[in-house]
Amino acid sequence: MDRWKRQVNVMLLALLVIATASGWLSFATGSEHSSKIIIAAHGVSGIALLMLFPAKVRIAKWGLRSAGWSRKVIGFALVALVLSTVASGLLHGLGGWRSYVGLLPMQMHVGAATAAGLLLVAHILIHQRIRWPRWRPLLRSTDLDRRAALGVAGVAAGGAALWLAVPGRQRRGTGSHEVGSGAPDQVPVTQWLFDPVPRIDPAGWRLRTAGRELDLAALAARPQRGVRAVLDCTGGWYTEQDWAGVSLAELGLPAGRSIEVTSATGYRRRFPAAEARTLLLATHVGGRPLSAGHGGPARLVAPGRRGFWWVKWVTAIDVDDAPAWRQPPFPLS
Ligand SMILES: Nc1nc2c(c(=O)[nH]1)N[C@H]1C(S)=C(S)[C@@H](COP(=O)(O)O)O[C@H]1N2
Ligand SMILES: [Mo]
C-alpha cells in the first residue's frame, strides 16, 4: 500500500512541476509555434492532476487521522488551491476572455497557483519532519515497477485525450483569446501589475536617447514605418493592430550589446541590440495617435514578444554593453 501511495504522490509532484514550469514558460514565449507545445503540456498536466484527485483523496484519508491541525489546514488549503488553479485554467480556456467578480480567470489562475506552490513546499516539509531525522524517500527503486509504468502511461494518455476532447474556443497558440483586432478602442488598457496611467502632455513629451532629446515633431520628421503586429497579453487576450512610428534602427543609436527601453513610470525592458530593426517606437495605432491608456505619446511595439515587453509611455532608450538577459525574466513593477 505504501508503494502505491508513493507512486501516486510522486506522479502528482511531477505533474505540479510540469504544470508550473510550462505555465511560466508559456508567459515567456510569444511565438505561436513554440507556445503550442508548451500550452499542450500545460493543459494535459492540469487535467491529469484532476484525474489523480480521487487517488489523492484516498491517501489523504489515512494520513489525516493522525495529523495535527496545522497539517490538516495546510493540506485542505493546498487541495482547494490546486483545484481552483485547474478550475480557473479551464474557465479561461472554455469561457472566453471575460472577467468574473472583477477578476480575470488568468489572474485567479496565477494567484491560486502561486499560493499553492508555497503551500506545497510547507506540506512536503511538514510531512518529512514527522519522520525527522530519517527523511522519507519520495520513491524507492522498487517502486518503479510495471504498475507505475502503466499508471504514468494511463494518466498521460487520459489527460491528452481529455485535453483534445475539451471544446476549447478559438485561441492563439499562446492560449490567448482574440479581442478587438482592427478596432483599437476595444482593446483593454492593461498593466503588468500596478503601474498608474501617467497623463503626459504630448507638447511637453521628450525622448531621451543617444545623448539628446527628441520631441514628437523630431520623431515625426524621421522615416515612418507601419507594422501589423499582435499584442498578446499574458492576461489571456491578444489583438492584431496596425501600428505606426519610428523603427529603433532609425534613431541613430550607438553600438552596444543591448537596448534598454524605459517608461515615464520607471517600468523598463532590455532587448538584444540586434532586435533594433524589428522594434518600433509607435506613436499611432489604427491611423490615430495612441491614447493615454495605451501608452501615448509613444510606446514600444515588439512583434513576436508577449505584451509585457511592449513598454508604454516611453521616455528613454539607452544602449550599453550589459547582456540582454541581465534583467528579471518578468517585470517586477
Ligand atoms: N509602462 C508600462 N508599460 C506596459 C505595462 C506596464 O505595466 N507599464 N504593461 C505591459 C503589458 S503586461 C501589456 S499586456 C501591455 C498592454 O497594452 P495596452 O494597455 O495598450 O493594451 O502593455 C505593456 N506595457
Ligand atoms: Mo500583459
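The values are calculated or read from the model by the stated rules, or taken from the named source; none is laboratory data. Predicted model only: the values in this text are computed from it and were never measured. Neighbour counts run over all protein chains shown; Cβ positions are idealised from the backbone, glycine included. Quick note on the areas: whole protein, heavy atoms, side chains included, nothing else; ligands and nucleic acids left out. Shrake-Rupley method; radii C 1.70, N 1.55, O 1.52, S 1.80 Å.
Here is how the numbers come out for the structure above:
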read-out	value
Lone unmet requirement of (1) under 24 Å from the mean Cα position of the chain (by Cα); (2) free of Cβ contacts under 8 Å to residues at least 24 places away in the same chain; (3) over 20 Å from residue 95 (Cα atoms) for residue 149	(1)
Positions within region 309-323 being within 11 Å of ligand 1 (Cβ to nearest atom) and either touching a His at 6+ places or on another chain (Cβ under 8 Å) or open to solvent by 10 Å² or more (accessible area, probe 1.4 Å) (or both), in sequence order	309, 312, 315
Any hit, region 182-190, residues being more than 16 Å from ligand 2 (Cβ to nearest atom), in a loop (DSSP other than H, G, I, E, B) and surrounded by 17 or more Cβ atoms within 10 Å (Cβ to Cβ)	no
Residue check for residue 138: closer than 19 Å to residue 20 by Cβ, in contact (Cβ under 8 Å) with a residue 40 or more places away in the chain, open to solvent by 50 Å² or more (accessible area, probe 1.4 Å) and in a loop (DSSP other than H, G, I, E, B)	yes
Region 157-192 - residue that is over 30 Å from residue 315 (Cβ atoms), within 17 Å of the chain's Cα centre (by Cα) and not small (Gly, Ala, Ser) and, of those, farthest from ligand 1 (Cβ to nearest atom)	171
Total residues in region 29-81, condition among the charged types (D, E, K, R) and without any contact (Cβ under 8 Å) to a residue 40 or more places away in the chain	4
Positions within region 28-37 being open to solvent by less than 30 Å² (accessible area, probe 1.4 Å) and over 19 Å from residue 325 (Cα atoms), in sequence order	35
Any hit, region 274-282, residues being within 30 Å of residue 96 (Cβ to Cβ) and assigned by TED's automatic domain parsing to the domain that holds residue 196	yes
Condition check for residue 195: among the charged types (D, E, K, R), within 16 Å of ligand 1 (Cβ to nearest atom), touching a residue at least 12 places away in the same chain (Cβ under 8 Å) and over 30 Å from residue 56 (Cβ atoms)	yes
Criterion (more than 21 Å from residue 237 (Cα to Cα), touching a helix residue (DSSP H, G or I) at 6+ places or on another chain (Cβ under 6 Å) and not charged (D, E, K, R)) met by exactly one of 276, 324	276
Test: residue 231 is over 24 Å from residue 107 (Cα atoms) and either more than 16 Å from ligand 2 (Cβ to nearest atom) or in contact with a helix residue (DSSP H, G or I) (Cβ under 6 Å, 6 or more places away or on another chain) (or both)	no
Single match in 98, 171, 147 (criterion: open to solvent by 30 Å² or more (accessible area, probe 1.4 Å), over 21 Å from residue 38 (Cα atoms) and in a loop (DSSP other than H, G, I, E, B))	98
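A quick yes/no check of all residues on (1) part of a helix (DSSP H, G or I); (2) free of Cβ contacts under 8 Å to residues at least 40 places away in the same chain; (3) closer than 19 Å to residue 188 by Cα; (4) within 16 Å of ligand 1 (Cβ to nearest atom):
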| site | (1), (2), (3), (4) |
| --- | --- |
| 242 | no, no, yes, yes |
| 252 | no, no, no, no |
| 260 | no, no, no, yes |
| 276 | yes, yes, no, no |
| 296 | no, no, yes, yes |
